[in-house]
Amino acid sequence: MRMEWNPDSGPIRFLTRIFDLILLSVLTALLCATVVLAGAALTALYAVTLKMVRGEDRGIVRSLFRALRENIVPSAPAAVLLLADGLLAVLLFRALWAEELLLSPTLFVLLSIAAVLLTALLSYLFPLIARYENTFPRHLRNAAGLALASLPVTCLVTLVNLLPLLLVFLFPDTFGQVAALWTFFGIGAGAYANSFYLRRVFDR
């Protein structure tokens, strides 16, 4: 009995999607490693994942690099905010695990709140830049407005984006495993999961 290959079958589509997310994760991680392209890489990632949840994805790699070229300039201001968020995270982790007190408890809490709020803002900002053409101040205003108007979604997408940091915080000995998991799958899977909820917010 000969087995027929059906590319539209459920298992094949599932495996194809997993492969796409792995590919997106690795490519985005490599682009973010350049630092200069980090903002454009995350914008391009969301440009692809938002199309994926709409069923409009055709040629993952080609779409990613096309979106990367188109968003280098528009995403530059957002990349500065991303860098600031990353530096905040590094400072907080260093202060948390330092043998001597680097920050007062009050300052540590205030900086932690600032980092979470900035992450929440960026969780909307990069997808907005990927989806719509607008000036950066308007993107920033829209991101803040959507974050406040859709608090349950904001909490969810922010939690997804902070998940690797939370895992390292809770289980510091797993840093290598978490970094590898996020590099090879988590970046793409997180953006893909967030895109389902962001699509509903944007469509409203």
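Neighbouring Cβ atoms within 10 Å as the yardstick, rank SER25, SER63, SER104 fewest first.
In order of increasing Cβ crowding within 10 Å: SER104, SER63, SER25.
For region 10-203, what is the convex hull volume of the alpha-carbon atoms per residue, in Å³?
129 Å³
Quick one: in region 1-111, what % of C-alpha pairs are over 17 Å apart?
Across region 1-111, Cα pairs with separations above 17 Å total 65 percent.
Please compute the length gained on full extension between LEU96 and ILE113, using 0.36 nm multiplied by the number of residues separating them and subtracting their Cα-Cα distance.
Between LEU96 and ILE113, full extension yields 4.7 nm more.
How would you rank TYR192, TYR124, TYR197, TYR132, going from fewest to most other Cβ atoms within 10 Å of each one's own Cβ?
Least crowded to most crowded, the residues run TYR132, TYR197, TYR192, TYR124.
If you average the sequence gap of Cα pairs under 8 Å that are 6 or more apart and divide by the length of the chain, what percent do you get for the contact order?
Relative contact order here is 30 percent.
Each reported figure results from applying straightforward, stated rules to the coordinates on display, with no laboratory input. These numbers come from a predicted model, not from an experiment. Neighbour counts are summed over all protein chains in view; Cβ atoms, including those assigned to glycine, are modelled from backbone coordinates with ideal geometry.
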